[in-house]
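Read-outs throughout are calculated quantities, based only on the coordinates presented, and are distinct from any laboratory measurement. The shown structure was predicted, so the numbers you read here are calculated from the model rather than taken from an experiment. For neighbour counting, all protein chains shown are included, and Cβ atoms are generated from backbone atoms with ideal geometry for every residue, glycine included.
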Amino acid sequence: MASSYYKRRKRSLIRNLWVYRRLVALAVVVGLLLWFVLTNNERVTIAFPFGLGSFQSTTGLVILLSAMVGSLLTALTMTVLWAIWKARLERDETPENPTRPVNDEDLPPPDYAAKTGDGLTREGPWS
């Protein structure tokens with residue numbers, strides 16, 4: 001049996017919106033895109049250079065498609081640049097040319113292992 005002191009929380013619209021905030025944001029973006037396409041409904045003809053062809057569409061769809069193509073090209077370019085940067089970093093990181101120089105202050109003294117014990121000792125401050 002449940003405790004008599006337990007009170008169920010009241011449902012809150014704000015709490016539910018916060019829980020589903022990504023879904024709400026996606027719905028807002030899709031709604032804005034649909035509104036944009038429907039309000040920009042003038043017919044245009046797109047002609048590609050070098051006689052590759054042409055097609056007719058509405059201005060809203062043309063603008064959205066050009067933005068999508070630009071985003072894809074940006075993502076591909078950034079991926080290629082990141083791969084080149086990583087390859088250069090791996091090539092430059094050789095034993096004779098390390099990326100981060102070894103500092104003697106970062107290393108323990110040479111006789112460090114000889115000075116340490118074999119584990120916890122009874123004369124430690126924790127006993």
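Quick one: which residues, 5+ away or cross-chain, put their amide H under 5 Å from the amide H of N40? H built at 1.01 Å from N.
Distant-sequence amide H within range of N40: G60.
How about the range 1-63: which chymotrypsin sites (Phe, Trp or Tyr not before Pro) there lie in a loop by DSSP and see at most 14 other Cβ atoms within 10 Å?
Sites meeting the loop and neighbour criteria: Y5, Y6, Y20.
Spin-label point model (7 Å from Cα, Cβ direction): what's the F55 to V24 distance in nm?
Calculated label separation equals 3.7 nm.
Please report, for the Cα atoms of the range 11-91, the Rg to one decimal and the Dmax as a whole number; what are they, in angstrom?
Here Rg and the maximum Cα pair distance are 20.1, 62 Å.
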